[in-house]
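The values are calculated or read from the model by the stated rules, or taken from the named source; none is laboratory data. What you are looking at is a predicted structure, and each value in this text was computed from that prediction instead of being measured. Note: ideal-geometry Cβ built from the backbone for every residue, glycine included; neighbour counts use all protein chains shown.
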Amino acid sequence: MTHIDDQPTPMTFTAAPSLAGSVTVPGDKSISHRSLMLSALAIGHSRVEGLLEGEDVLATAAAMRAMGAQIERDAEGVWHIHGVGVGGLLQPETALDMGNSGTSTRLLMGLLASHDLTATFVGDASLSKRPMARVTQPLSRMGASFTSSPGDRLPLTMKGACPAVPLDYRLPVASAQVKSAILLAGLNTPGITRVVEPIPTRDHSERMLKGFGADLSVEIEADGTRIITLVGEAELQPQNIVVPGDPSSAAFPMVAALLVPGSQVTIANVGLNATRAGLIDLLREMGGSIEVINAREVGGEPVGDLIVTASILKGVEPDPARAPSMIDEYPVAFVAAAFARGRSIFRGLDELRVKESDRIATMAQGLRAIGVSVEELEDGIVIEGSGGAPLTGGGPIATRLDHRIAMSFAVAGLVSKNGVTIDDMRPVATSFPTFLPLLQQLGGMA
Ligand SMILES: O=C(O)C1=C[C@@H](OP(=O)(O)O)[C@@H](O)[C@H](O)C1
Ligand SMILES: C=C(OP(=O)(O)O)C(=O)O
């Protein structure tokens with residue numbers, strides 16, 4: 001995916017008096033990708049309401065279309081998908097452009113691994129640096145073959161295997177993308193595919209595969225290890241899906257409302273799946289006031305409305321075991337720590353080094369640039385909080401094609417003396433195209 005505007009879009013965010021109002025965030029990115037992929041594999045008409053219309057999800061939609069699915073958006077913003085059936089994807093005629101999206105790339109590699117076709121994956125400068133061996137290795141054991149630039153990076157061409165060989169795989173890294181890639185490959189594979197997950201990660205694939213009628217079961221051992229078993233050669237039934245609001249996007253107004261004195265903000269319809277809710281637990285431990293009301297279920301996922309009230313926060317030393325449940329929220333959690341009372345020590349975050357940017361290094365550099373005292377660790381960061389005193393500010397912050405970095409420093413700007421300048425806000429369109437209007441609606445920008 002190429003950005004419409006080829007020039008970087010710098011922006012400065014300045015101190016806000018207080019934030020107020022009620023907002024909704026766009027649909028969950030993980031659930032949106034999976035809705036399109038699974039609907040494309042179900043014969044018949046699926047309907048998806050609340051799909052995230054961000055660049056990452058649109059890259060998935062374009063890829064599924066290129067392989068034969070019919071995907072259309074109607075005037076009301078509802079998406080309609082006519083799928084081709086498990087095993088029915090067609091050879092794409094051109095390279096699949098994954099833009100900035102790791103989820104699209106890794107899940108689609110899984111999906112295609114058990115199809116008799118060849119596909120080339122390309123991506124932007126950020127995605128082309130990210131490791132793919134974590135999926136190409138297990139998928140090779142299922143029979144797929146790959147040719148790539150050195151180090152299993154994009155651009156990469158894969159040849160699927162049909163029939164593929166079922167795999168019994170223990171995840172060496174806590175990654176929902178790797179887990180999902182193997183399960184998706186297992187759909188068109190004869191026999192039983194099994195994934196053993198010692199550290200639980202987001203479980204949207206399991207929930208949704210079951211919802212589409214796949215024969216999938218999950219066993220949880222005494223130590224919390226999850227064993228996921230999928231019967232192959234599945235037949236999926238088309239569904240009506242309602243996508244809840246993305247907790248990873250809600251994280252930005254949530255932290256902003258906690259930090260900007262005098263704020264009270266309601267964020268409605270936020271997904272509260274326990275495998276995603278780590279940031280709420282962390283912010284509450286720091287002293288943040290976050291109330292959940294109207295707890296309910298939407299499309300097989302727990303959802304609620306959040307009332308967030310400005311609070312004095314204190315430093316923390318979170319348990320690294322929490323990492324997968326708030327993996328994409330660390331950058332904005334670091335901003336909360338920078339404004340809290342006392343020191344915060346974050347560890348066990350090696351995975352942050354292989355996201356859209358190296359999120360430990362990018363955050364450490366940016367926080368220093370706005371006057372925060374930080375120490376970068378190999379697997380984390382130590383942050384000295386300002387105790388609620390405004391951050392000095394400055395910039396321009398190098399966002400390195402990373403949407404979460406851009407939005408985190410926008411939040412920091414709201415509690416700064418001199419404002420925070422971001423070098424490029426364009427990446428925000430990958431996951432949260434309505435970020436700026438939402439901030440405006442809350443009174444966070446003129
Ligand atoms: O499965 C998913 O939808 C995702 C899994 C996570 O990646 P990892 O599996 O690499 O941890 C997360 O960072 C990403 O934004 C979305
Ligand atoms: C890591 C992320 O996404 P992806 O891996 O899909 O690029 C993210 O959205 O923070």
Worksheet item: Of all residues in the range 417-446, which are touching a Pro at 6+ places or on another chain (Cβ under 7 Å) and closer than 11 Å to residue 13 by Cα?
Response: 417, 421, 422
Fill in: Among residues of the range 83-124, those that are crowded, with 17+ Cβ neighbours inside 10 Å, of a type in the set (Val, Ile, Thr) and closer than 15 Å to residue 146 by Cβ, counted
2
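So is residue 287 buried (at least 19 other Cβ atoms within 10 Å of the Cβ) and small (Gly, Ala, Ser) or not?
Numbers: buried (at least 19 other Cβ atoms within 10 Å of the Cβ): no; small (Gly, Ala, Ser): yes.
No: the conditions fail for residue 287.
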Worksheet item: Is the range 242-254 home to any residue that is crowded, with 16+ Cβ neighbours inside 10 Å, in a strand (DSSP E or B) and at pLDDT 95 or above?
Response: yes
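Can you pull out every residue in the range 23-34 that is in a helix (DSSP H, G or I) and either over 16 Å from residue 89 (Cα atoms) or without any contact (Cβ under 8 Å) to a residue 60 or more places away in the chain (or both)? Show your work before the answer.
Here is the first cut: in the range 23-34, the ones in a helix (DSSP H, G or I) are 29-34.
Listed by number, the residues that qualify are 29, 30, 31, 32, 33.
Quick one: in the range 79-109, which of the residues that are aliphatic (A, V, I, L, M) and assigned to a loop (DSSP other than H, G, I, E, B) is nearest to residue 429 (Cα to Cα)? I'd like the intermediate steps shown before the answer.
Here is the first cut: in the range 79-109, the residues aliphatic (A, V, I, L, M) are 81, 84, 86, 89-90, 95-96, 98, 107-109.
From what's left, assigned to a loop (DSSP other than H, G, I, E, B): 84, 86, 89-90, 95, 98.
Details: 84: 29, 86: 31, 89: 28, 90: 29, 95: 22, 98: 14 Å.
Restricting to residues being aliphatic (A, V, I, L, M) and assigned to a loop (DSSP other than H, G, I, E, B), the top hit is 98.
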Response to the item:
Being away from ligand 1 (no atom under 16 Å from the Cβ), under 30 Å from residue 400 (Cα atoms) and of a type outside the set (Val, Ile, Thr) narrows 6, 28, 56, 74 down to just 6
Worksheet item: In the range 191-235, which residue that is over 20 Å from residue 175 (Cα atoms) and of a type in the set (A, V, I, L, M, F, W, C) is farthest from ligand 1 (Cβ to nearest atom)?
Response: 222
Item to complete: Among what's in the range 142-154 and is surrounded by fewer than 16 Cβ atoms within 10 Å (Cβ to Cβ) and touching a strand residue (DSSP E or B) at 6+ places or on another chain (Cβ under 8 Å), pick the residue that is nearest to residue 179 (Cα to Cα).
Response: 145
Discussion item. Just to be sure before I move on: is residue 368 outside any strand (DSSP E or B) and more than 27 Å from residue 263 (Cα to Cα) in the structure I sent?
Written reply: no
Practice prompt. Could you identify the single residue in 220, 228, 267 that is over 30 Å from residue 340 (Cβ atoms) and either hydroxyl-bearing (Ser, Thr, Tyr) or in contact (Cβ under 8 Å) with a residue 24 or more places away in the chain (or both)?
Written response: 228
Discussion item. Checking the structure you have, find out if any residue of the range 114-127 is within 24 Å of residue 202 (Cβ to Cβ), among the aliphatic types (A, V, I, L, M) and away from ligand 1 (no atom under 13 Å from the Cβ).
Written reply: no
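Test residue 175 against the stated conditions and say whether it is under 23 Å from the mean Cα position of the chain (by Cα) and not acidic (Asp, Glu).
Working: under 23 Å from the mean Cα position of the chain (by Cα): yes; not acidic (Asp, Glu): yes.
Taking the combined requirement at face value, the residue satisfies it.
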Item to complete: From 106, 134, grab the single residue that is within 14 Å of ligand 1 (Cβ to nearest atom), in contact (Cβ under 8 Å) with a residue 60 or more places away in the chain, within 23 Å of residue 165 (Cβ to Cβ) and basic (Lys, Arg).
Response: 106
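Those residues that are away from ligand 1 (no atom under 16 Å from the Cβ) and over 17 Å from residue 192 (Cα atoms), I need them from the range 154-179; list them, please. Please lay out each step first, then the result.
So the first thing to find is which residues in the range 154-179 are away from ligand 1 (no atom under 16 Å from the Cβ), and the list is 155-168.
Answer for the range 154-179, where residues must be away from ligand 1 (no atom under 16 Å from the Cβ) and over 17 Å from residue 192 (Cα atoms): 155, 156, 157, 158, 159, 160.
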Fill in: Pairs, first among the charged types (D, E, K, R) in the range 116-131, second within 13 Å of ligand 2 (Cβ to nearest atom), C-beta under 6 Å, six or more apart
124/99; 124/100; 130/102; 130/354
Practice prompt. Within the range 417-434, track down each residue that is crowded, with 23+ Cβ neighbours inside 10 Å, more than 18 Å from residue 6 (Cβ to Cβ) and either among the hydroxyl-bearing types (Ser, Thr, Tyr) or within 16 Å of ligand 1 (Cβ to nearest atom) (or both).
Written response: 431, 432
Worksheet item: Just wondering, is there one or more residues in the range 307-316 that are crowded, with 23+ Cβ neighbours inside 10 Å and more than 16 Å from ligand 2 (Cβ to nearest atom)?
Response: yes
